[in-house]
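What follows is a single structure, written as structure tokens, with notes after it.
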Amino acid sequence: MKIHEYQAKQVLAKYGVPVPRGQVAFTVDEAVKAAQTLGGSVWVVKAQIHAGGRGKGGGVKVSKGLDAVRKNAEAILGMTLVTHQTGPQGRVVKKVLVEEGMDIRKELYMSMLVDRDSQSVVVLASTEGGMEIEVVAAKTPEKILRETVDPTMGLLPFQAQRLAYGLGLDKINPKLMRPAAEMIASLYKAFQGEDCSLVEINPLVITGDDRILALDAKVAFDDNAGFRHKQQAELRDLDEEEPLEIEATNADLNYIKLDGNIGCMVNGAGLAMGTMDIIKQVGGEPANFLDIGGNADQARVEKAFKIITADGNVRCIMINIFGGIVRCDVVAEGVVAAFKNVGVSVPVVVRLEGTNAEKAHKIIASSGLGKKLTMAKGLKDAAQKSVAAAAG
Ligand code: GDP
Ligand code: MN
């Protein structure tokens, strides 16, 4: 689950991470009032959406004076902000964070995430703050520092110090070493304490008066640990989530919307990934990831049909089900009935393998649905037929 920057900063501050003072605002007047309450003469008005790259898209404005705060809040609130993370359709901005303006001396990068290879949390840091870390990793990988945290020991003080040295903080001002190490330790405490899947501070800044602060904050919680953190549910912003994904979650289906035109209905997350791969391999574009789970009964297939076809881009649906525990003939009967009940209007290509596959093929062939519901032989054939159907 993703949360907004202003929420992330509140969470991190609880763990002792230094952040600029700020207030969230939903209207222009609230934004001006927030600036007055914060005091000072320079503020930053920041669009709050669940996507990065806001600065480049015009969603982060340094504002000198209250008039500038008003003007910038007017421009940002209600704007459709397009960044490399929102996709071309962008996101409408419904709230802004108003913060005290910082005098930035140096921008750095720091993040913590779960590294599946080492089965540990890793801390990444770089002197190249404010840049996209993917670009730094591609062009100058030597500029990314890395500390792997042993889960049984936690982040050790020497690791935090090594990162601080690696970032060259001792050269900027030796007095920064202690607060930097403390900040890294606090970030790790927050990561663990909240069961995060990501904490990214880009940029982490050194100010003109040599303070160290999290100027930006991106935090995501691990949904699998949500039961341990009931209070996190309050931070969820449904406005920022894909409506079809919310509907799917409520129906206990694992659905992620994508940009292609071939809808996918698959049992098992691995097979669903493989299905998307093979669609791409034969020149198509998947419209979604969907794992309907092991129990591919008629009710679930119906729900899945509804969610897939609610996406107007879908031109064909590829069903890929392996009958291990579920029997293919039962699935086939469910598919035929669901197809008729939902009134699916795009062609559907079915690949069913496993227990009673032969019987399943006969059920599909005699469904009376003709070309609207066809059977494929094998994965590649299913993908090719789907791509052809979507084009036709
Ligand atoms: P992002 O573009 O969505 O990652 O938003 P950020 O919060 O990272 O802001 C983008 C950039 O705006 C930062 O890298 C800074 O260069 C600049 N910025 C943000 N806050 C301040 C501030 O208080 N003072 C100054 N001078 N620049 C700021
Ligand atoms: Mn940023």
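The values are calculated or read from the model by the stated rules, or taken from the named source; none is laboratory data. Given the structure is predicted, the values throughout are model-derived calculations rather than measurements. Here the Cβ positions follow ideal geometry from the backbone for every residue, glycine too, while neighbour counts run over all protein chains shown. Areas reflect the complete protein model, heavy atoms only, side chains present, ligands, DNA and RNA absent. Shrake-Rupley method; radii C 1.70, N 1.55, O 1.52, S 1.80 Å.
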(request) Answer yes or no as to whether Val60 is without any contact (Cβ under 8 Å) to a residue 40 or more places away in the chain, within 15 Å of ligand 2 (Cβ to nearest atom) and either farther than 21 Å from Gly22 by Cβ or open to solvent by 20 Å² or more (accessible area, probe 1.4 Å) (or both). (result) yes
(message) Condition first: open to solvent by 30 Å² or more (accessible area, probe 1.4 Å), closer than 28 Å to Gly193 by Cβ and free of Cβ contacts under 8 Å to residues at least 60 places away in the same chain. Now tell me which residues in segment 1-55 satisfy that.
(response) Gln10, Ala13
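Residues checked against (1) of a type in the set (Gly, Ala, Ser); (2) open to solvent by 60 Å² or more (accessible area, probe 1.4 Å); (3) modelled with pLDDT of 90 or more:
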site: Thr207; (1), (2), (3): no, no, yes
site: Lys218; (1), (2), (3): no, yes, yes
site: Lys230; (1), (2), (3): no, yes, yes
site: Asp237; (1), (2), (3): no, no, yes
site: Glu240; (1), (2), (3): no, no, yes
site: Val266; (1), (2), (3): no, no, yes
site: Gly284; (1), (2), (3): yes, no, yes
site: Leu290; (1), (2), (3): no, no, yes
(message) Could you check segment 132-145 and list, in sequence order, the residues that are within 20 Å of Ala220 (Cα to Cα) and free of Cβ contacts under 8 Å to residues at least 40 places away in the same chain?
(response) Glu134
(request) Looking only at segment 165-194, count how many residues are closer than 18 Å to Ala13 by Cβ and either within 16 Å of ligand 2 (Cβ to nearest atom) or outside any helix (DSSP H, G or I) (or both). (result) 2
(message) For segment 111-121: of the residues being of a type outside the set (Val, Ile, Thr) and either crowded, with 17+ Cβ neighbours inside 10 Å or not assigned by TED's automatic domain parsing to the domain that holds Val199 (or both), which is nearest to ligand 1 (Cβ to nearest atom)?
(response) Ser111
(request) Hey, could you check segment 76-90 for residues that are at pLDDT below 95 and open to solvent by 40 Å² or more (accessible area, probe 1.4 Å) and say which is farthest from Gln159 (Cα to Cα)? (result) Gln89
(request) Read through the list (1) over 25 Å from Leu258 (Cα atoms); (2) buried (at least 22 other Cβ atoms within 10 Å of the Cβ), then give the number of the only condition that Ala382 fails. (result) (1)
(request) Return yes or no: is Leu108 within 15 Å of ligand 2 (Cβ to nearest atom), open to solvent by less than 20 Å² (accessible area, probe 1.4 Å) and in the same structural domain as Asp209 (by TED's automatic domain parsing)? (result) yes
(request) Please state which one of Lys139, Lys71 is farther than 19 Å from Leu215 by Cβ and more than 28 Å from the chain's Cα centre (by Cα). (result) Lys71
(message) Go through segment 204-220 and report how many residues are more than 14 Å from ligand 2 (Cβ to nearest atom) and in a strand (DSSP E or B).
(response) 4
(request) Considering only segment 308-327, state which residues are touching a strand residue (DSSP E or B) at 6+ places or on another chain (Cβ under 6 Å) and open to solvent by less than 30 Å² (accessible area, probe 1.4 Å). (result) Ile308, Val314, Cys316, Ile317, Met318, Ile319, Asn320, Ile321, Gly323
(request) Just name the residue that is least open to solvent (accessible area, probe 1.4 Å) out of those in segment 129-153 that are under 19 Å from Leu187 (Cα atoms) and of a type in the set (D, E, K, R). (result) Glu147
(message) Tell me whether segment 162-175 contains one or more residues that are closer than 23 Å to Lys56 by Cα, among the aliphatic types (A, V, I, L, M) and open to solvent by less than 70 Å² (accessible area, probe 1.4 Å).
(response) no
(message) Cβ-Cβ distance below 9 Å, separation of 6 or more or different chains: which pairs start in segment 176-189 with a residue that is open to solvent by 40 Å² or more (accessible area, probe 1.4 Å) and end on one that is among the hydroxyl-bearing types (Ser, Thr, Tyr)?
(response) Lys189/Tyr15
(message) Quick check on segment 364-379: of everything there that is part of a helix (DSSP H, G or I) and without any contact (Cβ under 8 Å) to a residue 12 or more places away in the chain, which residue is most open to solvent (accessible area, probe 1.4 Å)?
(response) Ala365
